[in-house]
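K.L.:
Before I ask anything, let me first share the structure, which is written out below as structure tokens.
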Amino acid sequence: MSVSDAMGWLDEKAAGQPAVEESVFDDAALVELLRSGDPNAPARFFDAYGRYVERLLVRVLGQDPDIEDLLHDVFAEALGNIDKLRDPARLKGWLTRMTVFIARGMIRRRRRQGWLSFVPDENLPDRPSPSTPPEASDLLKRVFSVLNRLRPNHRVAFSLRYIEGMTLPEAADASGVSLATFKRWLKASDQAFVNGARRTDQALYEELLETPRWGRVP
Amino acid sequence: MSERLEGLGAEVARIQDDALADGRRRAAVRRQLVSDAADAPPELRPARWGPALAWAGAMVAIALAFVALWPRAAVPVAYRVEGEAESRLIDRSVTATVDRPMSIAFTDGSAVRLGPSARARVSQLTVDGATLRLEHGEATVSVRHRTATRWSVEAGPFVVRVTGTRFRVGWRPEQESFDLAVFEGEVRVDGPDAPERVLRSGDEMHRTLAPATLPKPPPPIEDPAPAARERIQTVTPSRAPTYEPPVRASPRPSPSRPSAPPLELRLPPKEPSAEAELKPAQNEPAPEASPPEEPEPIAEAASSDAATEAAPPQPAWQTLLVEGKHRELLTALGPDQVEQAIWQAGPNDLIDLGAEARQLGDPRAGYIYSVVRSRFAATDAAADAAFLLGRMQFHSGAYQASATWFQTYVRERPRGRFAREAAGRLVEAYHQAGDQDRARDAARQYLSRYPNGPHATLAATVLE
């Protein structure tokens, strides 16, 4: 049984990502292997979920040079706390919450430090990848520039729901809050994003209103 | 809107997935985890504190030097509208009632007195001064001179820059009429069609822009259909959403506005013909227009207010605009009141109102932008309206018309905030319209200005 099947959480809703990407390990067996201290277990754990965790981090933080460190931190945290996981079948959900928690922590730190960037600007990648067209990388920069102005909880809600494409219950679970709270966050994030775009990036706001490929024109 | 946010999010995800295909980052982390497992339980990577501490040290040193050397706190000036608390709110509309003036006092010692019915916004606050945008009516401005003073008043397309002076400025958007009388010191005036001028104590200036081309509010219509259709067609060049003004049973008196020719589209918009007059110095300003020597204290003004009668209530549309409730304005008010708002609100409010109309699918959006172009010709807002009309036309498939609007924006604001987007959209619009010659011209110009811009790939393709 695949991990996704075991979680009852298929990823077909997540926009754009490959359909097959998770490990074929059974979560319970994987947790047992991790707890046994098998030296190969961390690599298997990473093979099972490395891509997924990296994708979540990128969804929430954008193309960030600290993704590699954060990816390592999520797995280090998970490996150090695997004994605390009560239901092995919930491994993916547990890991998802941990990832969201760590990403949100990074956003909060950045907001607190604001003017003091840990990363010199020249280290920021110009494009997500060499094959990314300039229009696409421009769109990414503009979207994340607006997202940077949102409150951390709202930004996470926006990223999980709209970029990762989670359903509302999935996103609420990943955020570690009730469905009602998540809905409130999401509503606030909608408004904050639209208003932020209107104030700071009129061109993006125009795109948002009128680009046909993004759905029905309001 | 959430549907469109989903669309945007899905596009972002697709772009990100392109980068996620590269497994080098994962491979590096995997190696690290395996290595950690072989040595000891993995630990969280230490944050990069080295550069941070170096930066922090440098910034603390700079801050200390700044505090030591700077003689006063570098905080922007604040202002206080009479009867209200001190504020640093930007772009908040301040309107004087019809029967009395209203004072705004600034913490740098400067003061503005809005004449009855005048409307203004404080659009910028800096350490050295402020920028006031006079949207309608008359204001007497007294700027206290300091070592570094940067004060300016924007009235329509005119900008009055001052360092320390007293003057009266007036702007009537209905007539596009600008008035300036300098009582003390000197000011620099920048306006359309003319080089910057220096006016000194006693100088006056009056200027009216293109009176013949001014629109007027939609006239009362007995038989609305033909007249309205004709008028709207002149406003929006092709398939933009159309709007027919409300039908009225009887003509509506509009005493506040002079009669003017029917609304007409300037496409491409003409440069405003200007009638300028720089009068020689008058010895003294007219007594009734003369401002007090010193700004009237707010407390005194407030106490005198108490003696006056209660001001007539603000129109509902004005209240909603001040509160930023554009949606409510469009949905809750009757067509007459919306019409009044469209013809009396300031340019920024109208741009916001147009955006809200588009969000609601309200066909008045294009009409609102056209009014902005007519009422506030030669301003940033008018140029923005051209771009927004271009976007609307583009998405309705009227590519040739949209190209005209984009071209208009590029011509009016070659370095404006939409300049790059408009130049790119121009390529796209001509290309979509099948006008390959113009598309190539636009592509060449785009690539010469924005070789790495978001439309560079399209422009290169057009040129192939």
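The values are calculated or read from the model by the stated rules, or taken from the named source; none is laboratory data. For clarity, every value in this text was computed on a predicted model and none was experimentally measured. In this analysis, Cβ positions are derived from the backbone assuming ideal geometry, glycine residues included, and neighbour counts consider all displayed protein chains.
K.L.:
Tell me yes or no: at least one residue of segment B:295-307 is surrounded by fewer than 24 Cβ atoms within 10 Å (Cβ to Cβ), assigned to a helix (DSSP H, G or I), modelled with pLDDT of 85 or more and among the small types (Gly, Ala, Ser).
P.N.:
no
K.L.:
Can you name every residue in segment A:38-62 that is facing chain B (nearest Cβ under 7 Å) and β-branched (Val, Ile, Thr)?
P.N.:
Correct list: A:Val58 only.
K.L.:
Continuing with this model, one more query. Residues A:Leu70, A:Leu56: which one is more than 18 Å from A:Ile163 (Cα to Cα) and crowded, with 19+ Cβ neighbours inside 10 Å?
P.N.:
Just a single option satisfies the conditions, and that option is A:Leu70.
K.L.:
Follow-up question, since we're still on this one. Mind listing whichever residues of segment B:118-165 are of a type in the set (Lys, Arg) and closer than 24 Å to B:Arg100 by Cβ?
P.N.:
Within segment B:118-165, B:Arg119, B:Arg121, B:Arg133 meet the criteria.
K.L.:
On to the next question. For segment A:25-98, which helices (runs of 4 or more DSSP H) that fit wholly inside it have 3 or more residues that are closer than 14 Å to B:Leu33 by Cβ and among the hydrophobic types (A, V, I, L, M, F, W, C)?
P.N.:
The helices (runs of 4 or more DSSP H) meeting that bar are A:41-61, A:67-80.
K.L.:
Let me confirm something: among B:Arg364, B:Arg373, which residue is touching a Phe, Trp or Tyr at 6+ places or on another chain (Cβ under 6 Å), at negative phi, in contact (Cβ under 8 Å) with a residue 60 or more places away in the chain and not assigned by TED's automatic domain parsing to the domain that holds B:Arg121?
P.N.:
Just one listed residue meets the conditions, B:Arg364.
K.L.:
Cβ-Cβ distance below 9 Å, separation of 6 or more or different chains: which pairs start in segment B:428-453 with a residue that is within 12 Å of chain A (Cβ to nearest Cβ) and end on one that is of a type in the set (Lys, Arg)?
P.N.:
B:Tyr450/B:Arg420; B:Gly453/B:Arg420
K.L.:
All but one of (1) closer than 22 Å to B:Asp91 by Cβ; (2) within 14 Å of chain A (Cβ to nearest Cβ); (3) in contact with a Lys or Arg (Cβ under 7 Å, 6 or more places away or on another chain); (4) not basic (Lys, Arg) hold for B:Gly346; state the number of the condition that does not hold.
P.N.:
Going through (1) closer than 22 Å to B:Asp91 by Cβ; (2) within 14 Å of chain A (Cβ to nearest Cβ); (3) in contact with a Lys or Arg (Cβ under 7 Å, 6 or more places away or on another chain); (4) not basic (Lys, Arg) one by one, B:Gly346 breaks only (2).
K.L.:
How many residues does segment B:395-453 contain that are under 24 Å from B:Glu464 (Cα atoms) and aromatic (Phe, Trp, Tyr)?
P.N.:
Of the residues in segment B:395-453, 5 are under 24 Å from B:Glu464 (Cα atoms) and aromatic (Phe, Trp, Tyr).
K.L.:
I want to confirm something. Restricting to segment B:350-372 and keeping residues that are crowded, with 24+ Cβ neighbours inside 10 Å, closer than 11 Å to A:Leu209 by Cβ and not hydrophobic (A, V, I, L, M, F, W, C), which single residue is nearest to the other protein chains (Cβ to nearest Cβ)?
P.N.:
Across segment B:350-372, the extreme among qualifying residues is B:Arg358.
K.L.:
Moving to a separate point now. So if I check each of B:Arg113, B:Arg150, which one is over 19 Å from B:Phe376 (Cα atoms), modelled with pLDDT of 80 or more, basic (Lys, Arg) and in contact with a Gly (Cβ under 6 Å, 6 or more places away or on another chain)?
P.N.:
B:Arg150
K.L.:
Can you go through B:Arg4, B:Arg25 and tell me which one is under 16 Å from A:Gly50 (Cα atoms), assigned to a helix (DSSP H, G or I) and either modelled with pLDDT of 75 or more or at the interface with chain A (Cβ under 7 Å from one of its Cβ atoms) (or both)?
P.N.:
Matching residue, one of B:Arg4, B:Arg25: B:Arg25.
K.L.:
What is the number of the single condition among (1) surrounded by 19 or more Cβ atoms within 10 Å (Cβ to Cβ); (2) away from chain B (no Cβ under 11 Å) that A:Met106 does not meet?
P.N.:
(2)
K.L.:
Also: Kindly state which strands (runs of 3 or more DSSP E) lie completely within segment B:72-190 and contain at least 3 residues that are under 26 Å from B:Ala382 (Cα atoms).
P.N.:
Of the strands (runs of 3 or more DSSP E) lying wholly inside segment B:72-190, those with at least 3 residues that are under 26 Å from B:Ala382 (Cα atoms) span B:93-95, B:119-126, B:129-143, B:151-155, B:158-162, B:165-172, B:177-184.
K.L.:
Now for a different question. Condition first: surrounded by fewer than 24 Cβ atoms within 10 Å (Cβ to Cβ) and within 17 Å of A:Ala203 (Cα to Cα). Now tell me which residues in segment B:425-451 satisfy that.
P.N.:
Once the filter is applied, which keeps residues that are surrounded by fewer than 24 Cβ atoms within 10 Å (Cβ to Cβ) and within 17 Å of A:Ala203 (Cα to Cα), segment B:425-451 yields B:Glu428, B:Tyr450.
K.L.:
In segment A:9-46, which residues are at pLDDT 60 or above, exposed (fewer than 15 other Cβ atoms within 10 Å of the Cβ) and of a type in the set (D, E, K, R)?
P.N.:
Residues satisfying the conditions are A:Glu32, A:Arg35, A:Asp38.
K.L.:
How many of the residues in segment B:401-415 are within 13 Å of another protein chain (Cβ to nearest Cβ) and either more than 20 Å from A:Glu135 (Cα to Cα) or of a type in the set (Val, Ile, Thr) (or both)?
P.N.:
Total satisfying the criteria: 4.
K.L.:
Please verify whether segment B:313-328 includes one or more residues that are within 13 Å of chain A (Cβ to nearest Cβ), at pLDDT 85 or above and more than 25 Å from B:Ser123 (Cα to Cα).
P.N.:
Within segment B:313-328, none of the residues are within 13 Å of chain A (Cβ to nearest Cβ), at pLDDT 85 or above and more than 25 Å from B:Ser123 (Cα to Cα).
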